[in-house]
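Below is one structure; the comments refer to it alone.
The values are calculated or read from the model by the stated rules, or taken from the named source; none is laboratory data. Bear in mind that the values here come from a model prediction, so they are computed numbers and not experimental data. Counting neighbours? That spans all protein chains shown, and the Cβs are built from the backbone with ideal geometry, glycine included. Heads up: the accessible areas ignore ligands, DNA and RNA and are worked out on the full protein's heavy atoms, side chains in. Shrake-Rupley method; radii C 1.70, N 1.55, O 1.52, S 1.80 Å.
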Amino acid sequence: MKNKIVIAAVAAGVFGCVAVAAWVFSRVDHLASGYQTRQFTIACDFDKFRQILVRKNATDAIVARSGMTLLNEKVVDVSIDTSEDDRPLLNAIRGRSKSSLAAVKEITVSLADPALDTNELVLWQYADVESDKMNIVTESKQPAGNLQHYETTLEARGEDGKTSVNLSVGLQVQVRVPRLFTSRADAKVQRAADDAIEEQASSIESFVLEHAGERLILPKL
């Protein structure tokens, strides 16, 4: 009788371990997320910073350092408010414009990461540029492959003759992994967000400083 009880207990224990293992290693759909922010200061006054980003169009330089290649860029909507600027043309030439700009762009990029299971990503970019601050939001238009959502923000304003910049990057990637490895998937996507914020910060600073010494910031044709 005792032997039967022991055998039954062992069998129950083995069955329980197998059931737990099957549950732990069963594959599940998991939305892995990553988010990072970065604040830094560029040795360039805000008026020139704004001119460089608007006139030189930094999009190509920034996405190139983020594992992407710019395929297409088109302006969907743009409006300029000169009501606060009594000499808009002259001030624009002098680099002291008080006009405000609002623009919407559609940006198409190719992706180099095979884990995302997609070659292209379409982004909407919303830019609000005022005389003393700038806000740019770039986000995925729709899911692409495993990439469910991608968003970056850039906020900038003048600070003691320099420009203070705040960046953020957010990613959401759909993965199918064993239940045990969901935290590993989260960590991988978080590392991607960490890398992206560093690359974007470096790209923006390098791009701005490349043109900061120019007396006249002319549009890139």
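Quick check, is Arg215 among the charged types (D, E, K, R) and not in a helix (DSSP H, G or I)?
Against the criterion (among the charged types (D, E, K, R) and not in a helix (DSSP H, G or I)), Arg215 qualifies.
Hey, can you tell me all the residues within segment 126-154 that are of a type outside the set (Val, Ile, Thr) and open to solvent by less than 30 Å² (accessible area, probe 1.4 Å)?
Passing the criteria: Ala127, Met134, Ser140, Ala144, Leu147, Tyr150, Leu154.
Taking segment 34-70 only, how many residues are modelled with pLDDT under 90, open to solvent by 50 Å² or more (accessible area, probe 1.4 Å) and under 30 Å from Ala185 (Cα atoms)?
Of the residues in that region, 4 qualify.
Looking only at segment 156-172, count every residue that is more than 15 Å from Gln51 (Cα to Cα), of a type outside the set (Gly, Ala, Ser), surrounded by fewer than 20 Cβ atoms within 10 Å (Cβ to Cβ) and in contact with a strand residue (DSSP E or B) (Cβ under 8 Å, 6 or more places away or on another chain) and tell me the total.
The number of residues fulfilling the criteria is 3.
Scan segment 181-190 and give yes if some residue there is at pLDDT 90 or above, surrounded by fewer than 19 Cβ atoms within 10 Å (Cβ to Cβ), part of a helix (DSSP H, G or I) and touching a Leu at 6+ places or on another chain (Cβ under 9 Å), otherwise no.
yes
Take the residues in segment 71-91 that are in a strand (DSSP E or B) and farther than 18 Å from Ser140 by Cα, then tell me which one is modelled with the lowest pLDDT.
Only one residue fits best here, namely Asp81.
Return the total of residues in segment 137-166 being closer than 20 Å to Tyr35 by Cα, part of a strand (DSSP E or B) and in contact (Cβ under 8 Å) with a residue 24 or more places away in the chain.
Here the count works out to 10.
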